[in-house]
Structure formats: structure tokens, C-alpha cells
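Note sheet for the following structure.
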Amino acid sequence: MYNIRTLGEFIIEKQQDYPHASGELSSLLSSIRLAAKIVNKAVNKAGLVNIAGAFGSENIQGEQQQKLDVYANEKFKSAMAARDQVCGVASEEENDVVDFEKALGRNAKYVILMDPLDGSSNIDVNVSVGTIFSIYHRISPIGKPTTIEDFLQLGNKQIAAGYIIYGSSTMLVYTTGNGVHGFTYDPSIGVFCLSHESIIIPQNGNIYSINEGNYIKFPLGVKKYLKYCQKYVPDENRPYISRYIGSLVSDFHRNMLKGGIYLYPSTAVYPNGKLRLLYECNPMSFIIEQAGGTASDGRQRILDIQPTELHQRVPFFVGSPNMVDKVETFLKQFPDQE
Ligand code: AHM
Ligand code: MG
């Protein structure tokens, strides 16, 4: 029998560490927890009901939207709209920000950025997918319409970030800047239970995760790093293990628990990398730093990059600090010829 400590209890417990906390962030996290349960149910049934497959439309980035992308976007949005703490949402599935302040008349202080269903092309083949979220205090005045600056904040201003992984079991992992905590969903009682308190990533790992199909167009430093990973040096645990699911949340989660690095550099198709700064890289970077890891675009800390656009992409190197340092060293040592 396990000792149950639920996500709800944990959030309230942590809130007590901040005597002036109003409880609004706790309530906001509860709305995410609720939407996660609803989406989890749909993901679990994906092979049975007519919910897998393409929706028939494209998102702003020209990518095929899956039915579950659209479903998850709606569920997370309405869970957030149903509470009073969120004044606006930006999503991978929305061209522009959704302003609750204007539509619903709010006096709310938080904005949320999210990827409601990351890796959704994996749904049809029963591979794990995830939701990623990032929470900020707005900077525009409460009670007024939100502005784009509320959403284009530095990652290091995040108040909270997290992800849900719909995997062999479903987990919610989050940080509010006080460590990273993971909760596993028990579907028999419909509750997220604390299973991974204060996650710490190993300083060094031996797993590397990258789509090597793009090798030819990788920056030279990345190519050299991959050869370093593959070299036979038994004393240093090399060759490393190559593991790539193609679902960021899953690859990231495994590497955070076991020690490893996830890389999505610039490629021929994606000259700035594929992943989006605001709702993929920033939240994952906040989480990894809280777990003792590092996140970089190859040159600088992700959390220090000033965003300029909602759907901006960046190269992404994230994981065990020594591994990210190493790839940065290779990128510096082998700059690409212009
Ligand atoms: P998505 O937001 O359109 O699902 O794209 C993000 C996903 C990540 O989950 C994953 O790591 C990456 O794209 C895989 O890309 P690729 O198929 O190019 O390797
Ligand atoms: Mg995504």
C-alpha cells in the first residue's frame, strides 16, 4: 500500500510556505490538473473512438492539426477560462493570444502559454504524448486587455511551469521555483499522487536523444559531439545510449530521471530549430534548471533569451549539465563556415 499524498494536498501545503500567497496560483494549477484528467481520458481511448488522426486543418506554423490537438486545446482553455486567475492564454494551436480579460471581463494577474498536446503525431501509433505549460504574472495593468508584452517575457520570469506525460502511466510534473515534483495518476481513484518529490537530474548522463535523420545539415559542432557520444571509451561510459521517441515530453522526462541530453539543433527544414521558445523550451528549461540541469540554445541560456514572437523557434539543448556544457564546447570549437 502506498502512502498517498495528492497533488491537491501538496499544492496547498506548498502554498503555506508563502504567507502572503493568495491561493490564486494554487487554484490555477488545479484547473490544469482537471484538464489533464479530461485529456488523459481521451488519449487513453484514442484507438477506440473517432478521435485519432488529422483534424483537416493546419495551425499557424503550417502543421497538420490532429483531432486531439484541437480537443486538448479546447479543454485546457476552458478549464482556465472557468476560473478567475487567468487573463489570457497563448497556445501552439492558436494564431494569436486568447484574451479572457476582454472576452470575460477579468481582474486576473496570470497569463499562460501552452502546448496542449505535444508530439501529437505519435497518437495514432500509441506513443506517449504530453502537455506543456508555462505561467507568468502579466506586466500590463490588471483589469485592462492583455498586451503582447505579457506573453513575450523572458523565461526567467516564469512563476510556474510543468508538463503532463500521457505515457504508460500518466504523470504531472511541475515547478514553482522550489524544486521539481512529479505526481502519478491513479485512474482507479482519479487522483494524481506524489511519486517523485524533488527530482534531481544526474550531473552526467549517458543517453543522447536527437533525430539523426537530419544529420547532414546539423551544425559542425553538433556532428562532432555526436561522434564523441558514439566513441568507444569504456572508462567514460561511452558509447552513450541513443534514445529518441520524437515526443519532447517523453524524451525529456526519461533523460531528467536517468541523466541524458535532448538536442534539437538547426536543420535544413528548421534553420532555427523546430521547438518553440515560449511554450516548449522555456517551461522545460525552467523545470530542468530546478532539477539541477541546463538548457541552452548552443550559445546562451534559454531562460535569458528575449522573445520577439509568439511562435518563435530556437535550437534546444537540454539535460544533464555536463553534457550540455560539452555540446556548447564543441559548438564553440567548431563554428560553421558562413
Ligand atoms: P509538435 O509540437 O508539432 O508536436 O512538435 C514538437 C515535437 C516534439 O515533441 C518532438 O521532440 C519533436 O517535435 C520531434 O520532431 P522530429 O519529428 O522532427 O524529430
Ligand atoms: Mg509541440
Next item on the list: Please give the helix 321-333 orientation as an angle from the longest Cα principal axis of the chain, in degrees from 0 to 90, rounded to the nearest 10.
Entry: 50 degrees
Note to self: Under a crude label model (7 Å from the Cα following the beta-carbon direction), how far is THR308 from ASP235 in nanometres?
What the structure shows: 4.7 nm
Item checked: Simple label model, 7 Å out from Cα along Cβ direction - SER168 to ASN204, nm -> 2.7 nm
Next item on the list: Please build a GNM for the chain, connecting alpha carbons under 10 Å apart, and tell me which residue among PRO141, PRO283, PRO315 fluctuates the most.
Entry: PRO141
Margin query: Among SER140, SER27, SER250, which one shows the highest mean-square fluctuation when the chain is modelled as a Gaussian network with alpha-carbon springs under 10 Å?
Written below: SER140
Item checked: Rounded tilt (10° steps) of 24-44 against the dominant C-alpha axis of the chain -> 70 degrees
Check: Based only on the alpha carbon positions, what is the Kirkwood hydrodynamic radius of the chain, in angstrom?
Finding: 20.4 Å
Item checked: region 7-196, dipole about Cα centre (Lys/Arg Cβ +1, Asp/Glu Cβ -1), debye to the nearest 20 -> 460 debye
Next item on the list: Mind computing the radius of gyration and Dmax over the alpha-carbon atoms of region 230-338? Å is fine for both.
Entry: 13.9, 45
Margin query: Springs between alpha-carbon pairs under 10 angstrom, Gaussian network model over the chain: which of GLN158, GLN230, GLN16 fluctuates most?
Written below: GLN16
Notebook entry, point to check: Can you work out the FRET efficiency for the pair ASN272 and ARG243, with r the C-beta to C-beta distance and R0 = 25 Å, to the nearest 0.05?
Noted result: 0.50
Notebook entry, point to check: Within the accessible area of the chain, what % is carbon and sulfur when the probe is 1.4 Å and the other protein chains stay in place?
Noted result: 50 percent
Check: Excluding same-chain residues fewer than 8 positions from LYS67, which lysines have a Cα within less than 17 Å of its Cα?
Finding: LYS41, LYS45, LYS75, LYS77
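Can you flag which of LYS224/LYS332; LYS217/LYS274; LYS14/LYS258 are past 18 Å Cα-Cα?
In this structure, LYS14/LYS258 lie more than 18 Å apart at Cα.
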Item checked: Inter-label distance for ASN107 and GLU197, nm, one decimal - labels placed 7 Å from Cα along Cα-to-Cβ -> 3.8 nm
Margin query: Rounding to the nearest 10 and keeping the result within 0 to 90°, find how far the Cα-based axis of helix 67-81 lies from the longest principal axis of the chain.
Written below: 50 degrees
Check: Which Cα, out of PHE252, VAL314, LEU29, lies furthest along the positive dipole direction of the chain (beta carbon charges, K/R +1, D/E -1)?
Finding: PHE252
Item checked: Calculated [θ] (222 nm, deg cm²/dmol) that DSSP helices of n ≥ 4 give over the chain, each run adding -39,500 (n - 2.57) -> -8500 deg cm²/dmol
Next item on the list: At 0.36 nm per residue, minus the direct Cα-Cα distance, what do ILE142 and ILE189 gain on full extension? Give it in nm, one decimal, please.
Entry: 13.1 nm
Note to self: Over the chain, with the other protein chains present, what is the accessible area per residue in square angstrom, probe 1.4 angstrom?
What the structure shows: 44 Å²
Next item on the list: Rounding to the nearest 20 debye, state how big the charge dipole of the chain is about its Cα centre with +1 on each Lys and Arg Cβ and -1 on each Asp and Glu Cβ.
Entry: 480 debye
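The values are calculated or read from the model by the stated rules, or taken from the named source; none is laboratory data. Note that this is a predicted model, so its numbers are computed, not measured. Reconstructed Cβ throughout: ideal geometry from the backbone, glycine too, with neighbour counts over all protein chains shown. With ligands, DNA and RNA removed, areas are computed over all heavy atoms of the protein, side chains included. Shrake-Rupley method; radii C 1.70, N 1.55, O 1.52, S 1.80 Å.
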